[in-house]
Structure formats: structure tokens, C-alpha cells
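Worksheet for the structure shown next.
The values are calculated or read from the model by the stated rules, or taken from the named source; none is laboratory data. Since this is a predicted model, take the numbers as computed values, not measurements. Cβ sites come from the backbone with ideal geometry, for glycine too, and all protein chains shown count toward neighbours. Only protein heavy atoms, including side chains, enter the accessible area calculation; ligands, DNA and RNA are left aside. Shrake-Rupley method; radii C 1.70, N 1.55, O 1.52, S 1.80 Å.
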Amino acid sequence: MYRSNMASFIFRANFIRCAARSVASKHRTQYLWCPEKSYATTEDSKVPKIYTKTGDKGFSSTFTGERRPKEDHIFEALGNTDELSSAIGLAREFCLEKGHTFIHQLDKIQCILQDVGSNIATPRSSARDSHKKKTKFTSQPIADLEIWIDDFTNELPPLTNFILPSGGKSSAALHLARTVCRRAERSVAPIVRSGEADQDVAKFLNRLSDYLFTVARYAAMKEGKEETIYKRPE
């Protein structure tokens with residue numbers, strides 16, 4: 001699922017500026033060619049540059065080749081999705097230090113978020129059938145999240161109070177990722193509603209915030225950390 005070559009690294013790092021697209025297959029994530037930024041060279045010894053200067057005038061390209069202002073709602077949603085993946089990546093590092101068993105789930109989610117970005121970066125109104133086929137988002141990741149949520153919930157004590165983001169570094173970081181997920185969902189919702197992205201993208205983000213809330217509580221429980229209960233100020 002991961003590629004170690006330089007081109008793949010650059011595509012990941014350049015997610016927004018290149019509107020990096022990924023296509024999920026059963027066992028790996030394939031990075032698609034970006035029409036305005038090709039890192040192929042005639043000499044294998046050349047190291048591709050991270051900067052391309054194509055966005056210096058405040059415009060960027062979708063996967064369909066449209067040039068749009070960088071403040072366009074498409075790029076806003078892409079930025080929020082990228083930030084979400086980064087927040088999960090940070091939370092993952094805290095969870096890794098504590099030896100949590102759900103690390104592989106966070107890894108998979110970060111890869112799926114690349115697919116979410118692929119779908120968002122391919123406006124259906126201007127996409128050819130080949131574009132739609134490569135960036136189609138399915139419902140399977142949603143089903144996976146629901147299974148994970150149910151499994152964790154069965155191990156957690158019933159939630160009887162409002163809790164504040166707390167419960168140790170792992171839990172707090174996962175709560176932070178949850179709030180970023182909510183923002184990503186809000187920015188994606190109008191794009192999906194207009195028919196420019198697959199409906200399952202919005203459903204996935206909605207379910208992901210539930211997963212992050214649940215796994216944050218689970219992390220606190222496993223680490224023996226106390227969650228802070230909301231109390232009305234007197």
C-alpha cells in the first residue's frame with residue numbers, strides 16, 4: 001500500500017497543489033498522474049523538485065484539468081481533508097508510543113482519505129467517464145468504520161455524561177482529529193449536495209468523526225486515563 005520511491009513521496013507532500021489523486025485497490029493505493037505536474041525525467045539520476053511554480057498566480061488544477069482559484073470550494077475541501085490526515089497522523093504517533101492495537105486502522109484511514117481527495121478533486125460536471133472510473137468512492141470504507149465503532153463500543157462503559165477532549169495525549173489528539181473531521185465534512189457537504197462528488201464521501205467523513213470519538217475514549221480507557229466530565233459552571 002505504500003511506495004518508497006521519490007515520485008510517490010512528492011505526490012503525497014504535494015496533495016493540494018497537485019490535487020493528488022489516488023485510486024484504492026484491494027491491496028494498494030495507486031497515485032495518478034497530475035496533468036500539470038509530471039515528475040518523469042529523461043535521466044533517472046535527476047531528483048524532481050518539490051516546487052513547480054504553476055500556482056504562483058493563485059490558481060490550481062482539478063484532476064479534470066480545470067484551472068480554478070485556490071480559494072475555490074474544491075480546494076478548500078481538499079485542504080481540510082489533507083489537514084485531517086495530518087491530524088490523524090499526529091494522533092497516530094502518540095498512539096504508537098502507547099502500543100495501541102488500532103494503529104493499522106489509522107493507517108488505512110489515512111490512505112482512504114487520499115481517495116476522498118481524489119473524488120473531491122474530480123468535479124463530476126467536467127469529468128469524463130475515465131475520470132469517474134478512476135476516482136469512484138465506494139461504500140466499503142463506511143461499513144468498515146461501522147464495524148470498528150461497534151467493536152470498540154462493546155468494550156467501553158456506557159456514556160452517561162458529556163465529556164471534554166481529554167484522557168491523555170493519545171485521546172486528546174484523536175479528539176482534535178475528530179474536530180478537523182467535522183470541518184472537512186462541512187466543507188465537503190455542499191460539493192456532494194451539488195452532485196460534484198460521490199455521496200459516500202460525505203457519509204465516510206460523517207462516520208469517521210464518530211469513529212475518532214469512539215477510539216479516543218477507547219485509548220483513554222486502555223491507558224488508564226480519566227476523561228474530564230462536563231460540569232456546568234456555577
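A few comments on the model shown:
- Qualifying residue in region 185-195 (condition: outside any helix (DSSP H, G or I) and more than 15 Å from the chain's Cα centre (by Cα)): yes
- Count of region 104-141 residues which are farther than 30 Å from ARG67 by Cβ and either open to solvent by less than 20 Å² (accessible area, probe 1.4 Å) or under 13 Å from the mean Cα position of the chain (by Cα) (or both): 6
- Inside region 188-234, residues that are more than 25 Å from LEU156 (Cβ to Cβ), open to solvent by 20 Å² or more (accessible area, probe 1.4 Å) and touching a residue at least 40 places away in the same chain (Cβ under 8 Å) make up a count of 5.
- When we screen GLN114, GLN140 for residues that are of a type in the set (S, T, N, Q) and more than 19 Å from ALA184 (Cα to Cα), the only hit is GLN140.
- Put simply, of LEU164, LEU145 the only residue that is open to solvent by less than 20 Å² (accessible area, probe 1.4 Å) and aliphatic (A, V, I, L, M) is LEU145.
- Residue list for region 198-230, filter: more than 20 Å from ARG183 (Cα to Cα) and basic (Lys, Arg): ARG217, LYS222, LYS225
- Candidates in region 41-100 are the residues that are within 25 Å of ASP198 (Cα to Cα) and in a loop (DSSP other than H, G, I, E, B); of these, the one that is least open to solvent (accessible area, probe 1.4 Å) is THR62.
- Set side by side, the residues SER130, SER171 differ, and just one is within 26 Å of PHE102 (Cα to Cα) and of a type in the set (Gly, Ala, Ser), which is SER171.
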